[in-house]
Amino acid sequence: MSGFIRSLPFLLVFVVYFWTTVSGQASGTVKNCASKSNTSCEECLSNVTCLWCRSTQQCLDYPVRTILPPRSLCPLPEARWGLCWVNFQALIITLSLIAGVIIIAVMVCCFRCCRSKKTVDTTADAAMERQADARKVRQEERRTEMRLRHDEIRSKYGLTKENPYARFEDN
């Protein structure tokens, strides 16, 4: 959790950068970063559209068309964007780790939800099966009772079940 809190400023700077880049290009007020070359990193990065190259001490316009600055422009370990004390390579690694952890957490949550739903379904199915079995047993008991009662009535009136046509033979 503390790693996420530490990287939160980077994420905010990243969002602010793209917001200002898009709004700045739309209004035509993008400042020239090259004029801040050979100054300090802090002064260069005061404009979020600028990229500071530590090895050449140059302030460059961030190459928006390519997501990562090309090595010919400035090597990743030497590139600074947003904050002077964080190199671009460390920023990319941190953001990718955070994204990976979030993806794994979402997958684990989905897996657990599916597993718990499956267990609930199997327990519900088992309960329904037990109820159906209990109904069948009660139905069989009722059938048996009805047969006994019918047999008692037949024997009372002389209608034995042994030979159902016996009544017709006596005539």
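Coordinate-derived values only; no laboratory data. Keep in mind that this is a model prediction, so the values were computed, not measured. Methodologically, a virtual Cβ is constructed for each residue, glycine included, from the backbone with ideal geometry; neighbour enumeration extends over all protein chains shown.
The figures follow:
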quantity: Distance between modelled label sites at Cys109 and Arg65, nm, 7 Å Cα→Cβ extension; calculated: 3.9
quantity: Stokes-Einstein translational diffusion, region 49-138 - Kirkwood Rh over all Cα pairs, 1.002 mPa s, 20 °C, in µm²/s; calculated: 121
quantity: Contour minus Cα-Cα distance for Thr123 and Glu140 (0.36 nm per residue); calculated: 3.5 nm
quantity: Hz values of 3J(HN,Hα) by residue in region 57-63 - Karplus curve (6.51, -1.76, 1.60), Gly and Pro given as x; calculated: 6, 10, 9, 10, 5, 5, x
quantity: Interchain or long-range residues, amide H under 5 Å from Val64's placed H; calculated: none
